[in-house]
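Have a look at the structure below before the remarks.
The values are calculated or read from the model by the stated rules, or taken from the named source; none is laboratory data. Worth saying up front: this structure is predicted, and the values here are computed from it rather than measured. Note that each Cβ is placed from the backbone with ideal geometry, even for glycine, and that neighbours are counted across all protein chains shown.
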Amino acid sequence: MQQHSFTSSANSQHFTGELFGTAILVFFGCSSVAVSILFHAHTGLWQIAMIWGVAVALAIYATRHLSCAHLNPAVSLAMAASGRMKVRLLPVYLSGQFLGAFAAAALLYLLFGDTIVQFELIHGIVRGTPESVQTAMMFGEFYPNPGAGTAAVVTTATAFLAEMIGTFALVFMIFSLTEGCNLGRPDNALAPLFIGATVAIIIAVIAPLTQAGLNPARDFSPRLFSLLAGWGDAALPVVPSGAIIVYLLGPIVGGLLAGGLFTRIIEPMMRSKKCEIC
């Protein structure tokens, strides 16, 4: 009975950490996109990328004492597949992440809903039509990036590859920055800053193609909220296979590949090198 109570308490802490951490990350990040569209508050991609990166770092600092601050299903799945977390914790982590992202989208709409309606009126946008992707992109992601102009030609295969490569890079750096046998890593207290910097760099490269999701919870939950808030087919097309392949499967495949590569090849090399005298 006492063991069950302890397990329930630990699960509650993990869930709470992932819920609030993901909510912080998604709210700050998606809000940066929202104010850029609604108010032209940011003049370049790098500004938005930096906000996302700082949001990641702050979310990790705020919640890593409660959970491991994965804040991303692709990271949690990679950790579980690589033996770095117990598989039984996956439902706790994933539910916290998806619910946290949904709550962040709801809060964003509560804050900017009136402005979004005014923006739609001024620009003649009818919510739910293809043109309303201009505002739906504040929540979910689309390829080609609706804000990238006519030069962007991105197929589903290219978008999948972009999300896979971007998430591969992110998860690989997370493993590298948190692996004790990596003598080149920064102090543990600084790791969230470097993870945030990694996110910012990846967004600066990938976002012109796909808006750089890199996180199934960050895409699916806000997209689901916008679907329920009236964006309909603009949020999730009648045939949603593209969004599922690109923004759910892409990051998961990239994360699993990075975790497997690091655990099976890079980490053993690091452990061997650690024993050598340089």
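Table: residues versus (1) surrounded by 19 or more Cβ atoms within 10 Å (Cβ to Cβ); (2) touching an Asp or Glu at 6+ places or on another chain (Cβ under 9 Å).
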{"site": "142", "(1), (2)": "yes, no"}
{"site": "155", "(1), (2)": "no, no"}
{"site": "160", "(1), (2)": "yes, no"}
{"site": "219", "(1), (2)": "yes, yes"}
{"site": "243", "(1), (2)": "yes, yes"}
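Here is a list: 103, 81, 69, 148. Which entry is within 23 Å of residue 201 (Cβ to Cβ), touching a Leu at 6+ places or on another chain (Cβ under 8 Å) and among the small types (Gly, Ala, Ser)?
Numbers: 103 fails: within 23 Å of residue 201 (Cβ to Cβ); 81 fails: within 23 Å of residue 201 (Cβ to Cβ); 69 fails: touching a Leu at 6+ places or on another chain (Cβ under 8 Å).
Every option except 148 fails the conditions.
Would you confirm, using the coordinates I've provided, whether residue 12 is surrounded by fewer than 23 Cβ atoms within 10 Å (Cβ to Cβ), within 27 Å of residue 265 (Cα to Cα) and among the hydroxyl-bearing types (Ser, Thr, Tyr)?
Details: surrounded by fewer than 23 Cβ atoms within 10 Å (Cβ to Cβ): yes; within 27 Å of residue 265 (Cα to Cα): no; among the hydroxyl-bearing types (Ser, Thr, Tyr): yes.
Spelling it out, it is not the case that residue 12 is surrounded by fewer than 23 Cβ atoms within 10 Å (Cβ to Cβ), within 27 Å of residue 265 (Cα to Cα) and among the hydroxyl-bearing types (Ser, Thr, Tyr).
Looking at 223, 185, which is the one that is farther than 21 Å from residue 27 by Cα and either at pLDDT 95 or above or basic (Lys, Arg) (or both)?
Working: 223 fails: farther than 21 Å from residue 27 by Cα.
The unique qualifying residue is 185.
From the list 24, 51, which residue is modelled with pLDDT of 95 or more, in a helix (DSSP H, G or I) and touching a Ser or Thr at 6+ places or on another chain (Cβ under 7 Å)?
Values: 24 fails: touching a Ser or Thr at 6+ places or on another chain (Cβ under 7 Å).
Answer to the check: 51.
For residue 98, are the conditions met, namely being within 14 Å of the chain's Cα centre (by Cα), closer than 22 Å to residue 213 by Cβ and either part of a loop (DSSP other than H, G, I, E, B) or not hydroxyl-bearing (Ser, Thr, Tyr) (or both)?
Details: within 14 Å of the chain's Cα centre (by Cα): yes; closer than 22 Å to residue 213 by Cβ: yes; either part of a loop (DSSP other than H, G, I, E, B) or not hydroxyl-bearing (Ser, Thr, Tyr) (or both): yes.
Spelling it out, residue 98 is indeed within 14 Å of the chain's Cα centre (by Cα), closer than 22 Å to residue 213 by Cβ and either part of a loop (DSSP other than H, G, I, E, B) or not hydroxyl-bearing (Ser, Thr, Tyr) (or both).
When you go through (1) part of a loop (DSSP other than H, G, I, E, B); (2) among the hydrophobic types (A, V, I, L, M, F, W, C); (3) surrounded by fewer than 20 Cβ atoms within 10 Å (Cβ to Cβ) one by one for residue 69, which number turns out not to apply?
(3)
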